[in-house]
Amino acid sequence: MKVKVIGLLILIMCICGGCKAQDVQQEDTFKSCEVFAMDTYMTLTAYGENANGALEKAESRIKELDDKLSTGNADSEIALLNSNGSGKLSKDSFYLLEKSLDISKKTDGAFLPTIYPIMEAWGFPTKEFNVPDASLIKNLMPLLDIGKVDIDSQNDSVSFREEGMKLDFGGIAKGYTSDEIMKIFKENGIESGIINLGGNVHTLGTKTDGSLWKVGIQNPYGDEEYLGVLEIADKAVITSGGYERFFEKDGIIYHHIIDPATGYPADNELQSVTIVSNDGVLADGLSTALFVMGLDKAIKFYRDNSEDFDVIMMTKDDVVYVSEGVSDSFSTSFDMKLIER
Ligand code: AMP
Ligand code: MG
């Protein structure tokens, strides 16, 4: 059976050139727009009378967050912090720092917001890719220690105890952004909406006819067939995979999700990890972390925390592991194995 996404994603027509929401279908009240930010294309769709206003506010918020959080923009708060070694942060950045330190502790360091010096060594930020010498990686490892990040929650300020330490919110920023867009949708009276931030989907409510959203999860092989389709309401569905960003050198693929224990791209049996949760930040952080953990540790982590999220993982031998909380809402043409709580 070929699984293809039907429903809304096909109906969404992208209106390029900024987020000036327009009617795309007269008989319905949905508005849709596309924004390029955080190095990815984002599609936002909202239903209801206030859809236009909600989308315009969402677009401004996306740009505001991109300006604050992007390491690639030399003027962003995080880039300035990284070059100065200390600084006062906005509420957004400070919240994300606290959240990312918390996820880091929970995942035993599989998620590590201080990973940026290693990302730079591999050339991911500039796209000038390079396989670093083992000695360089070894020398950079002490800079990853989150115990050397001092935070002052009274003043929302932060300082690094060692020169050269740098933050990277690339593994969590889109999840936060999607939470913030959902907040804006709700504040503007939107009860039904779906957003797709470069493959990370967040749904609000159900479709207007009360049926569930159908979310297609990208197949790591990049072909037409989806890894599977999830029918859900009110959830973030966030995926991490080495296939999203990588380079090849001498026949070896090096991807962008680094195992903080080694400084090298995570290398285990997983091809992709999708997290389903009410909490976009958590879903984003955990998609990265469980990808680093590998199958067995990820299953154990799920069992210890199954009240917070569900997970869909594809292994390199094309088996899709699906946790109990979403197994009934998920369909796939790949071999599927259930992860019990
Ligand atoms: P994601 O697609 O959410 O898994 O995020 C991947 C991005 O997170 C990378 O491009 C890096 O910017 C950053 N990153 C890579 N490895 C890690 C890690 N172990 N912990 C936290 N962030 C990471
Ligand atoms: Mg992530």
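Just to be sure before I move on: is residue 318 surrounded by fewer than 20 Cβ atoms within 10 Å (Cβ to Cβ) and in contact with a Phe, Trp or Tyr (Cβ under 8 Å, 6 or more places away or on another chain) in the structure I sent? Outline the logic, then answer.
Numbers: surrounded by fewer than 20 Cβ atoms within 10 Å (Cβ to Cβ): yes; in contact with a Phe, Trp or Tyr (Cβ under 8 Å, 6 or more places away or on another chain): yes.
In short, yes.
Would you pick out the residues in segment 232-241 that are open to solvent by less than 40 Å² (accessible area, probe 1.4 Å) and either more than 16 Å from ligand 2 (Cβ to nearest atom) or more than 29 Å from residue 138 (Cα to Cα) (or both)? Please lay out each step first, then the result.
Residues of segment 232-241 open to solvent by less than 40 Å² (accessible area, probe 1.4 Å): 232-233, 236-241.
Scanning segment 232-241 gives 232, 233, 236, 237, 238, 239.
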Q. Can you tell which of 215, 281 is more than 10 Å from ligand 1 (Cβ to nearest atom), within 18 Å of residue 328 (Cα to Cα) and of a type in the set (Val, Ile, Thr)?
A. 215
Q: Test residue 288 against the stated conditions and say whether it is within 22 Å of residue 144 (Cα to Cα) and out of contact with any helix residue (DSSP H, G or I) (no Cβ under 8 Å at 6 or more places or on another chain).
A: yes
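Going through 308, 296 one at a time, which residue ends up being open to solvent by 50 Å² or more (accessible area, probe 1.4 Å) and assigned to a loop (DSSP other than H, G, I, E, B)?
Working: 296 fails: assigned to a loop (DSSP other than H, G, I, E, B).
Matching residue, one of 308, 296: 308.
Sort through 284, 250 and tell me the only one that's out of contact with any Pro (no Cβ under 9 Å at 6 or more places or on another chain), among the acidic types (Asp, Glu) and over 23 Å from residue 137 (Cβ atoms). Show your work before the answer.
Details: 250 fails: over 23 Å from residue 137 (Cβ atoms).
Exactly one residue qualifies, and that residue is 284.
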Q: Tell me which residues, restricted to segment 139-185, are among the aromatic types (Phe, Trp, Tyr), away from ligand 2 (no atom under 16 Å from the Cβ) and under 24 Å from the mean Cα position of the chain (by Cα).
A: 185
**Q.** Pair list, Cβ < 7 Å and 6+ apart or interchain, from segment 101-128 residues that are closer than 22 Å to residue 40 by Cβ to residues that are among the aromatic types (Phe, Trp, Tyr) and outside any helix (DSSP H, G or I)
**A.** 103/111; 113/169; 122/129; 122/254; 123/129
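Taking the conditions exactly as written (open to solvent by 50 Å² or more (accessible area, probe 1.4 Å) and modelled with pLDDT under 95), does residue 64 satisfy them or not?
So residue 64 does not fit the description; no.
Rundown of residues vs (1) modelled with pLDDT under 95; (2) under 17 Å from residue 107 (Cα atoms); (3) buried (at least 18 other Cβ atoms within 10 Å of the Cβ), yes/no style:
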site: 230; (1), (2), (3): no, no, yes
site: 250; (1), (2), (3): no, no, no
site: 286; (1), (2), (3): no, yes, yes
site: 301; (1), (2), (3): no, yes, yes
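Tell me, which strands (runs of 3 or more DSSP E) wholly within segment 147-227 include 3 or more residues that are open to solvent by less than 10 Å² (accessible area, probe 1.4 Å), modelled with pLDDT of 95 or more and aliphatic (A, V, I, L, M)?
Passing ranges, in order: 192-197.
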Q) Which one of the conditions (1) under 27 Å from residue 181 (Cα atoms); (2) buried (at least 18 other Cβ atoms within 10 Å of the Cβ); (3) of a type in the set (D, E, K, R) does residue 244 fail to meet, given that it meets all the rest? A) (2)
Q: Could you check how many residues of segment 135-159 are within 30 Å of residue 236 (Cβ to Cβ), of a type outside the set (Ser, Thr, Tyr) and touching a residue at least 24 places away in the same chain (Cβ under 8 Å)?
A: 7
(Q) Cβ-Cβ under 7 Å, sequence separation 6+ or interchain: first residue in segment 277-302 and without any contact (Cβ under 8 Å) to a residue 40 or more places away in the chain, partner among the small types (Gly, Ala, Ser). Which pairs? (A) 302/323
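The values are calculated or read from the model by the stated rules, or taken from the named source; none is laboratory data. All figures in this text were calculated on a predicted structure; none of them were measured in a lab. Note: ideal-geometry Cβ built from the backbone for every residue, glycine included; neighbour counts use all protein chains shown. These accessible areas exclude ligands, DNA and RNA; they are computed on the full protein's heavy atoms, side chains included. Shrake-Rupley method; radii C 1.70, N 1.55, O 1.52, S 1.80 Å.
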